[in-house]
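Below is one structure, written out as structure tokens; comments come after it.
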Amino acid sequence: MKNLKVIIYALIIISNSCKNDVAEKPQDVKENNTPNIIFIYADDLGYGDLSAYGATEINTPNMDMLAIGGVMFTNGYASSATCSPSRYALLTGTYPWRNKNAKILPGTAPLLIDTAQVTIPKMLKLKGYHTGIVGKWHLGLGDGQVNWNERIGPGPNEVGFDYSFIMAATQDRVPTVYIKNGYVENLDKNDPIEVDYDNNFEGQPTAISNPELLKMKWHHGHNNSIVNGIPRIGFMKGGESAKWKDEDMANTFLEEAQDYIKREKNNPFFLYYALQQPHVPRTPNPRFVGATSMGPRGDVIAEADWCIGEFLKTLEEEGLLENTLIILSSDNGPVLNDGYYDEAVEKLGKHTPAGKLRGGKYSLFEAGTRVPFITYWKGKISPGTSDAMVSQIDLFRSLSALVGSDMNGPDSQNLLNVFLGKSNQGRDHLILEATSRTAFRKGDWALIPPYRGGPINTEVNIEVGNSKEFQLYNLKNDIEQQNNLAQSNPEKLQEMITAFEAIRGQNYSNIQKLELK
Ligand code: NG6
Ligand code: CA
């Protein structure tokens, strides 16, 4: 009898200790290894567009809060100086120049990511995450023959996202509708949508045929179909009830993002919140018109900052901030006149969207790809500034390390400790891309190979980096890339070319090697 009591007692102790194990482990795992992950991605936001990064003419208090309370990277890069290639690299951990189709895509382009390819959301799904995207997609949809009136696929839901609420391409490209999990929102089947990037549909007004219908004027490109008085790239017919209202887009995406986290807060989630600002056409909600002295470009940055603030409030209200890693960055550098007359140039004043960096969107100079880059995790990341070289392409491997996965994209490096502010050992080197050209950063040095073409893209008035000579800059002493050291430092030049070609191969320039001699 006595023995039985002892045995029962022992069993109770063992079973309690098991319970403790079981009870503690999931909590532990949830807190440390599977935090929620949110990637906030602005469109065309420049290195110098945030007050935290030195802007004095514009206030971005909410983005600054993330920068001040997290790690603010001063050498953080997008993979490309344009959108689709950067987004491709971000989600797949693959350099965009490895895929010849990774260029700025029309709204009718087929899906750029192979559905067999590994992606960040696929990797996270395997670790129990719910995955969502809200905002700009611009990675193609379908197989090239999309019927916009039926289910549109493959798309985000086929490359790893459980939930998607997107615009197909850009705000200046048709179709100007939201697509939720593959279906156009608010579509009236009796008014079907047709889209064509080559030919107009008979009788449909364009910016050329009916300029009197425009409330915003085009400067270059952007003279096809008119939607809400704004001329777009591409032709579209039908879908009246589904067309977005440009001035409401920021609110629509914000509410979608807020609803997503409220819905998914009980399991680990990954949200890719892809803001449309400050890409053209810049259409601030009336509440933000005049928020800055800079006209629509400044006003939509203020609006984007407000959206981020509201979004953070929701995270806080839902008690999620301590268990959520937030990454904020931009898909490429800044541009002022990207095709519409919207006073971005005229009202710029003293603001420097690229900070001290040379170039801008479309450029192989630093401002093309060096962008605001911030990681924030309340209570987990100690605040600080980091000058480690990091790229968005590294998020794949770093996040997979965070959640204990061994999945990876071919070019992604594990910089988890750098992103968490525990190490300053960033990348050794990085290949940068801009409009199908590539450049190389290694240590403090930047190499731009020779490219045929004008040094300035005169439409947008940006120095894009073309020159018939090699360019070599020491960014440590010359962040503005003013002193080309290629001639005076032939040894460094050769070392850089060799290291670059070891990764990139020899066929990178549109000038034959023979011509260079
Ligand atoms: C360019 C557009 C520009 C912008 C860009 C894509 C013209 C003349 N210019 O072709 O306005 O839409 O593509 O920007 O059409 S990105 O940020 O999505 O890469
Ligand atoms: Ca962009």
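The values are calculated or read from the model by the stated rules, or taken from the named source; none is laboratory data. Here the structure is a predicted model, which is why all the values come from computation and not from measurement. Here Cβ is always computed from backbone atoms with ideal geometry, including for glycine, and neighbour counts include all displayed protein chains. In case anyone asks, the SASA skips ligands and DNA or RNA and just uses the protein heavy atoms, side chains included. Shrake-Rupley method; radii C 1.70, N 1.55, O 1.52, S 1.80 Å.
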Review point. For Y272, which of the numbered conditions (1) open to solvent by 10 Å² or more (accessible area, probe 1.4 Å); (2) part of a strand (DSSP E or B); (3) within 16 Å of ligand 2 (Cβ to nearest atom) fails to hold?
Key: (1)
Check your understanding: For the range 262-282, does any single residue satisfy the condition of being within 16 Å of ligand 1 (Cβ to nearest atom) and among the charged types (D, E, K, R)?
Key -> yes
Review point. Conditions: (1) more than 18 Å from C83 (Cβ to Cβ); (2) within 16 Å of ligand 1 (Cβ to nearest atom). G349 meets all but one. Number of the miss?
Key: (2)
Review point. Within the range 410-435, can you find the residues that are open to solvent by 70 Å² or more (accessible area, probe 1.4 Å) and closer than 23 Å to T119 by Cα?
Key: P410, N414, N417
Revision key, fill the gap. Of the residues in the range 228-252, those that are closer than 28 Å to E318 by Cα and within 16 Å of ligand 1 (Cβ to nearest atom) come to M249
Revision key, fill the gap. When the range 411-437 is checked residue by residue, the ones that are touching a Phe, Trp or Tyr at 6+ places or on another chain (Cβ under 8 Å), part of a loop (DSSP other than H, G, I, E, B) and among the hydrophobic types (A, V, I, L, M, F, W, C) are L420
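Every residue, every condition in (1) part of a strand (DSSP E or B); (2) of a type in the set (G, A, S); (3) in contact with a Phe, Trp or Tyr (Cβ under 7 Å, 6 or more places away or on another chain), yes or no:
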| position | (1), (2), (3) |
| --- | --- |
| A55 | no, yes, no |
| I58 | no, no, no |
| M63 | no, no, no |
| A67 | no, yes, no |
| T74 | yes, no, no |
Exercise for review: Kindly establish whether S79 is at pLDDT 95 or above, open to solvent by less than 70 Å² (accessible area, probe 1.4 Å) and touching a Phe, Trp or Tyr at 6+ places or on another chain (Cβ under 8 Å).
Suggested key: yes
Exercise for review: Would you please name the residue that is farthest from L271 (Cα to Cα), looking only at residues in the range 329-343 that are away from ligand 2 (no atom under 15 Å from the Cβ) and of a type outside the set (S, T, Y)?
Suggested key: E343
Check your understanding: within 16 Å of ligand 1 (Cβ to nearest atom), basic (K, R) and closer than 19 Å to V118 by Cα: does that describe R87?
Key -> yes
Review point. Counting only residues that are outside any strand (DSSP E or B) and open to solvent by less than 20 Å² (accessible area, probe 1.4 Å), which one in the range 438-469 is farthest from ligand 2 (Cβ to nearest atom)?
Key: P450
**Study point:** Complete set of residues in the range 164-216 that are within 20 Å of the chain's Cα centre (by Cα) and open to solvent by 50 Å² or more (accessible area, probe 1.4 Å)
**Key:** K180
Exercise for review: Please report, ordered by residue number, the strands (runs of 3 or more DSSP E) entirely within the range 320-400 with at least 3 residues that are within 18 Å of A42 (Cα to Cα) and open to solvent by less than 20 Å² (accessible area, probe 1.4 Å).
Suggested key: 324-330, 373-376
**Study point:** Residues of the range 118-175 classified as more than 16 Å from ligand 2 (Cβ to nearest atom) and either outside the structural domain of D411 (by TED's automatic domain parsing) or assigned to a loop (DSSP other than H, G, I, E, B) (or both), total
**Key:** 26
Review point. From T115, T94, which residue is part of a loop (DSSP other than H, G, I, E, B), more than 20 Å from M167 (Cα to Cα) and among the hydroxyl-bearing types (S, T, Y)?
Key: T94
Check your understanding: Mind checking which residues of the range 50-69 are touching a strand residue (DSSP E or B) at 6+ places or on another chain (Cβ under 8 Å) and under 23 Å from I393 (Cα atoms)?
Key -> Y53, M63, L66, A67
Review point. Restricting attention to the range 110-143, and to residues there that are open to solvent by 10 Å² or more (accessible area, probe 1.4 Å) and of a type in the set (S, T, N, Q), which single residue is farthest from S398 (Cα to Cα)?
Key: T115
Review point. Out of all the residues in the range 51-72, is one or more surrounded by 24 or more Cβ atoms within 10 Å (Cβ to Cβ), modelled with pLDDT of 95 or more, over 18 Å from I301 (Cβ atoms) and away from ligand 1 (no atom under 16 Å from the Cβ)?
Key: yes
